[in-house]
1. Just to be sure, is Ser156 polar (S, T, N, Q) and more than 18 Å from Ala202 (Cα to Cα)?
2. Go through the stretch 162-215 and give me each residue that's outside any loop (DSSP other than H, G, I, E, B) and without any contact (Cβ under 8 Å) to a residue 12 or more places away in the chain.
3. Can you tell me which residue is nearest to Asp183 (Cα to Cα) among those in the stretch 76-95 that are outside any loop (DSSP other than H, G, I, E, B) and over 20 Å from the mean Cα position of the chain (by Cα)?
4. Please indicate, with yes or no, whether at least one residue in the stretch 11-25 is at pLDDT 95 or above and either of a type in the set (A, V, I, L, M) or under 25 Å from Asp135 (Cα atoms) (or both).
5. Out of everything in the stretch 31-62 that is within 12 Å of Cys91 (Cβ to Cβ) and part of a strand (DSSP E or B), what residue ends up being most open to solvent (accessible area, probe 1.4 Å)?
6. Among the residues that make up the stretch 110-120, is at least one of them assigned to a helix (DSSP H, G or I) and open to solvent by 40 Å² or more (accessible area, probe 1.4 Å)?
7. I need the full set of residues from the stretch 147-176 which are open to solvent by 10 Å² or more (accessible area, probe 1.4 Å), among the polar types (S, T, N, Q) and closer than 14 Å to Val55 by Cα, in order please.
8. Can you tell me which residue among Thr65, Thr107 is of a type in the set (Ser, Thr, Tyr), assigned to a helix (DSSP H, G or I), open to solvent by 40 Å² or more (accessible area, probe 1.4 Å) and at pLDDT 95 or above?
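The values are calculated or read from the model by the stated rules, or taken from the named source; none is laboratory data. This is a predicted model, so every value here is computed, not measured. Cβ: placed from backbone, ideal geometry, glycine included. Neighbour counts: every protein chain shown. The protein model used for the area step is the full one, side chains on, heavy atoms only, and it has no ligands, DNA or RNA in it. Shrake-Rupley method; radii C 1.70, N 1.55, O 1.52, S 1.80 Å.
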Amino acid sequence: MRTTIKLGTATLGSALLLTLGAGMAQAATSADGNTMAKLRPVALNGVDASGTAMVTVTGNRIDVTMAASGLLADSPHAAHIHFGAEARNECPTASDDKDGNGTLNTTEGGPAYGPIVVSLTKSGDTSPKSALAIDRFDTAPGGKISYERGSINVSSDVAAAISAGKSAVVVHGVDHNDNGKYDGETKSELDPKLPTEATDPAICGVLASAPSGGVQTGGGGTADNNQALGLALGGGLLLAAMGTGAFATRKVTNRI
């Protein structure tokens, strides 16, 4: 009988400890959440466009929804998620115009938003390798983009950066000379076969935690993590109390 009491208490305590420990670890390490960016014109590039991007992070998977208007109509607009550990994690400003030509190209914006980590293509590969896969990006019919793609796989670092508000969505393509097409003598620094108009950043927005209910998905968010952490801590106090009771029971048993 004494042995049964000791083992039963120890087993219950161990099971609670393992369960609560796992819950606390999940609450502490989960990067799941909903993020949103308001897309605004990039400094100096003269684009009168705007939009919104929403990204849901679930483990190493992201689901992306984006809408924008005011872009060059019926022309491909490369769009990406950018992140760099050394970047400022923001959209570029006029001071990033290092060559002083009065416009910003993608490379000049790099110190602000970092390199490409996800290519928001409509189909196929979504890695940085598809950064200039012009045939697979939205062509903005009537100047509008309506984009949705789910289950994009990313690295743990990228998932964490998105959830932490350290990444930006950038849509490229600027009609500097207002003639309704990508052209001009200046070539893109990313691909000399393309005019710089085709790759210069048009609109940009930093992804930040979405307001409660801002993105209706089942990805889980900060509130879920806080609730899990609260339950784990509450259970920990219960376990501590039970542990004290178990110790007292052993003492009583030993005296019998």
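1. Values: polar (S, T, N, Q): yes; more than 18 Å from Ala202 (Cα to Cα): yes.
Judged against the criteria, Ser156 is a match.
2. Keep residues of the stretch 162-215 that are outside any loop (DSSP other than H, G, I, E, B), which gives 162-163, 168-172, 187, 195-199, 201-206, 208-209.
Selection gives Lys187 alone.
3. If we filter the stretch 76-95 for residues that are outside any loop (DSSP other than H, G, I, E, B), which is where we start, we get 79-82, 94-95.
In the following step, the residues that additionally are over 20 Å from the mean Cα position of the chain (by Cα) were identified as 94-95.
Working: Ala94: 23, Ser95: 25 Å.
So, considering only residues that are outside any loop (DSSP other than H, G, I, E, B) and over 20 Å from the mean Cα position of the chain (by Cα), the one nearest to Asp183 (Cα to Cα) is Ala94.
4. At the first step, the residues of the stretch 11-25 found to be at pLDDT 95 or above are none.
No.
5. For the stretch 31-62, the residue satisfying everything is Arg40.
6. Going residue by residue through the stretch 110-120, those that are assigned to a helix (DSSP H, G or I) are 110-113.
Now narrow it down to the ones that are open to solvent by 40 Å² or more (accessible area, probe 1.4 Å): 111.
Yes, the stretch 110-120 has at least one match.
7. Within the stretch 147-176, Ser151, Asn153, Ser163 meet the criteria.
8. Values: Thr65 fails: assigned to a helix (DSSP H, G or I).
Exactly one residue qualifies, and that residue is Thr107.
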